[in-house]
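Reviewing the structure listed below.
The values are calculated or read from the model by the stated rules, or taken from the named source; none is laboratory data. In this text the structure is predicted, and so the values were computed from the model without any measurement. Here the Cβ is made from the backbone with ideal geometry for all residues, glycine too, and neighbour counts use every protein chain on show. To get the accessible areas, we keep the full protein, side chains included, count just its heavy atoms, and leave off ligands, DNA and RNA. Shrake-Rupley method; radii C 1.70, N 1.55, O 1.52, S 1.80 Å.
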Amino acid sequence: QVQLVESGGGLVQPGGSLTLSCAASGSIFRVNGMGWYRQAPGKQRELVATITSAGSTNYADSVKGRFTISRDNAKNMVYLQMNSLKPEDTAVYYCNAAINAAYTLQYLELWGQGTLVTVSS
């Protein structure tokens with residue numbers, strides 16, 4: 001079974017930094033686009049950043065210049081380096097990936113379980 005597992009959330013002070021990691025595991029043929037989304041209390045889930053298998057990136061305006069998405073294709077992992085964190089960045093962060101399963105090549109769009117990031121003094 002293919003799944004995504006996130007790690008790295010926690011409590012950080014305003015202006016601080018945090019790095020999130022997400023690993024895709026299971027019977028995988030290929031991991032295509034990957035990304036991070038977040039959902040703050042009482043709000044809809046929103047895109048934070050995405051990255052293609054070739055490394056092209058896209059960011060929400062609210063995080064441009066502060067967050068950096070990267071990936072390690074050999075390890076099927078994606079990362080989100082978050083700098084200059086603000087209280088409004090507080091949310092549950094979700095990893096997303098488009099994956100072709102091994103053997104069947106079935107296309108799967110998966111979500112991780114979410115990891116909480118709290119920015120507060």
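At a glance:
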{"item": "Selected residue (criterion: modelled with the lowest pLDDT) from residues of the range 1-15 that are loosely packed, with under 15 Cβ neighbours inside 10 Å and either outside any strand (DSSP E or B) or of a type in the set (D, E) (or both)", "result": "Q1"}
{"item": "Any hit, the range 65-72, residues being open to solvent by less than 20 Å² (accessible area, probe 1.4 Å), hydrophobic (A, V, I, L, M, F, W, C), in a loop (DSSP other than H, G, I, E, B) and modelled with pLDDT of 95 or more", "result": "no"}
{"item": "Selection within the range 1-51 - among the hydroxyl-bearing types (S, T, Y) and within 20 Å of Y103 (Cα to Cα)", "result": "S25, S27"}
{"item": "Test for A97: is it hydrophobic (A, V, I, L, M, F, W, C), in contact (Cβ under 8 Å) with a residue 12 or more places away in the chain and more than 16 Å from V12 (Cβ to Cβ)", "result": "yes"}
{"item": "Test: residue in the range 35-50 that is farther than 12 Å from V117 by Cβ, among the hydrophobic types (A, V, I, L, M, F, W, C) and either at pLDDT below 95 or out of contact with any Lys or Arg (no Cβ under 6 Å at 6 or more places or on another chain) (or both)", "result": "yes"}
{"item": "Selected residue [open to solvent by 20 Å² or more (accessible area, probe 1.4 Å) and either touching a Leu at 6+ places or on another chain (Cβ under 7 Å) or more than 16 Å from G33 (Cβ to Cβ) (or both)] from L116, L85", "result": "L116"}
{"item": "Within the range 88-113, tally of residues that are part of a loop (DSSP other than H, G, I, E, B), open to solvent by less than 90 Å² (accessible area, probe 1.4 Å) and touching an Asp or Glu at 6+ places or on another chain (Cβ under 9 Å)", "result": "1"}
